[in-house]
1. Counting every Cα pair in the stretch 103-194, what percent are over 23 Å apart?
2. If you average the alpha carbon positions of the stretch 302-317 and of the stretch 348-382, how far apart do those two centres end up, in angstrom?
3. For a quick check: with amide H placed at 1.01 Å from N, whose amide H comes under 5 Å from Val224's, ignoring anything fewer than 5 positions away on the same chain?
4. Project the alpha carbons of the chain onto their principal axes and report the range along each, largest first, in whole Å.
5. Can you return the lysines within cross-link range of Lys194? Criterion is Cα-Cα under 24 Å, with same-chain partners fewer than 8 residues away left out.
6. With just the Cα atoms defining each centre, how far is the stretch 186-250 from the stretch 1-70? Give it in Å.
7. For the stretch 191-303, what is the Kirkwood hydrodynamic radius in Å, using each pair of distinct C-alpha atoms?
8. What net charge is computed for the residues neighbouring Glu360, neighbours being all others with C-beta under 11 Å from the C-beta of Glu360, Lys and Arg scored +1, Asp and Glu -1?
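The values are calculated or read from the model by the stated rules, or taken from the named source; none is laboratory data. What you see is a predicted model; the values in this text were computed from it and never measured. Using ideal geometry, Cβ is built from the backbone for each residue, glycine included, and neighbour counts are taken over all protein chains shown. Only protein heavy atoms, including side chains, enter the accessible area calculation; ligands, DNA and RNA are left aside. Shrake-Rupley method; radii C 1.70, N 1.55, O 1.52, S 1.80 Å.
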Amino acid sequence: MSTEGDYDCIVIGAGVQGSFSAYELAKRGRRTLLLEQFVLPHSRGSSHGQTRIIRKAYDQDYYTVMMDESYRLWSQLEEEAGVKLCRQTGLLVMGPENGTYQVLKNTLQRNGVPMVILQPEEFSKHIPHVNLADGDAALVDITAGVLYADRALRAVQGQFQKLGGIITDGQKVTDIRPGDLVTVMTSGGVYRAKNLVVTAGCWTNTLLSYIGLQLPLKVLKINVYYWKEKDPGCYSLQNRFPCFLQIECPEAEHLIYGLPSNEYPGLMKVCYHMGSETKPDERDRQTDKSDGDILKRYLTRCFPGLVPEPAVVESCLYTVTPDEHFVLDCHPVHNNIVIGAGFSGHGFKFGPLIGKLLCELSLGEVPSYDLSPFRIRRFQEHSKSAL
Ligand SMILES: Cc1cc2nc3c(=O)[nH]c(=O)nc-3n(C[C@H](O)[C@H](O)[C@H](O)COP(=O)(O)OP(=O)(O)OC[C@H]3O[C@@H](n4cnc5c(N)ncnc54)[C@H](O)[C@@H]3O)c2cc1C
Ligand SMILES: O=C(O)[C@@H]1CCCC=N1
């Protein structure tokens, strides 16, 4: 067997995180193979669909700071690929004055992020067709907007291939043998490389079981709801309606979020940031739609311009960690294996930066950011290690 391996690096999983990791490695001249179990493009994981929110509004400074660079990297990809991937719309944040809303507002202020605070008496002048709840405050994160998700995946995978990267789709990884050269077995072949990056979304623990590690990850099915505008266009991107986040409201224990109508004309996407547990390969057997009732009650009160009955329902998966922070780390024993996982329903906007960070970890470089919030060892009492 050659000690060189077939590749410098193999990346498992061609979702947003694996695709950007592979692209970064190829940019650094590494012979890189991106392996995907499904024929691309597919809609069985977490990265499919037309749109995602991009924003700097976060509770924690480190996410806000990281987004600064992520925005720059998104623009770079737009230029390289010659496609528009982001549309700035702003993000309307609504919630009780004290609580998470205040934490988020403080983070934006501390980090000098451009924002507008909307006084309740002038709210409807700026944001028509929305009822701000009594006692709620509101602000707009000006930097925020919509990311075109499917288009972004096509762009980054295309750029990766232009750099000489190889995408092998329709091959499921069935085993991994660690070592100085890592051996990856798939349904269609055997590949060897000096380094491995595992970005397998909801399937992460299946892959990690081959290399003696389990993480405390929950897989949730998210119902992606689109609601009909009574007056077509009244919540549309063309009419400059923003994305929104509703924090702490009487109808819901968790966040409610929405994006202006755009991809399906006349339909606005509004979802609940929570779902029911499932196994990744049994997504469609999970049929709980109780989140729909929560959203109907909320929309009836706050978005009177929407018909409170879903017009389209799609499905997507979250892989959630106990603290909802990501996992970006090396395997505790095999340091030529890097893991990016647990993006907890908010990882898309960071894709280009996650790719850069996983590439840095894989090349043994000091990562550009402090990755301590994302280390595996924070789960010490949860992680079942067979090592
Ligand atoms: C409804 C919804 C709304 C969201 N909204 C936002 C938002 O507004 N903003 C935001 O920033 N983020 C958002 N997110 C989160 C974001 O989309 C995810 O964090 C991100 O897509 C995770 O990407 P990933 O690459 O980790 O996973 P995935 O996209 O699932 O990629 C993993 C890939 O690995 C492949 N794979 C797994 N096992 C194997 C194997 N054995 N062999 C080969 N390949 C394998 C899978 O097939 C899959 O393609 C949202 C997510 C959902 C579901
Ligand atoms: O990441 C995002 O911006 C969205 C909206 C809030 C909840 C999760 N995803």
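1. For the stretch 103-194, the share of Cα pairs beyond 23 Å comes to 60 percent.
2. The distance from the Cα centre of the stretch 302-317 to that of the stretch 348-382 comes to 35 Å.
3. Excluding prolines and chain starts, which carry no amide H, the hits are Glu314, Ser315, Cys316.
4. Reported extents, whole Å, longest axis first: 72, 43, 42.
5. Lys27, Lys162, Lys172, Lys356
6. So the two Cα centres are separated by 13 Å.
7. Every distinct Cα pair counted, the radius reaches 16.7 Å.
8. Net charge around Glu360: 0.
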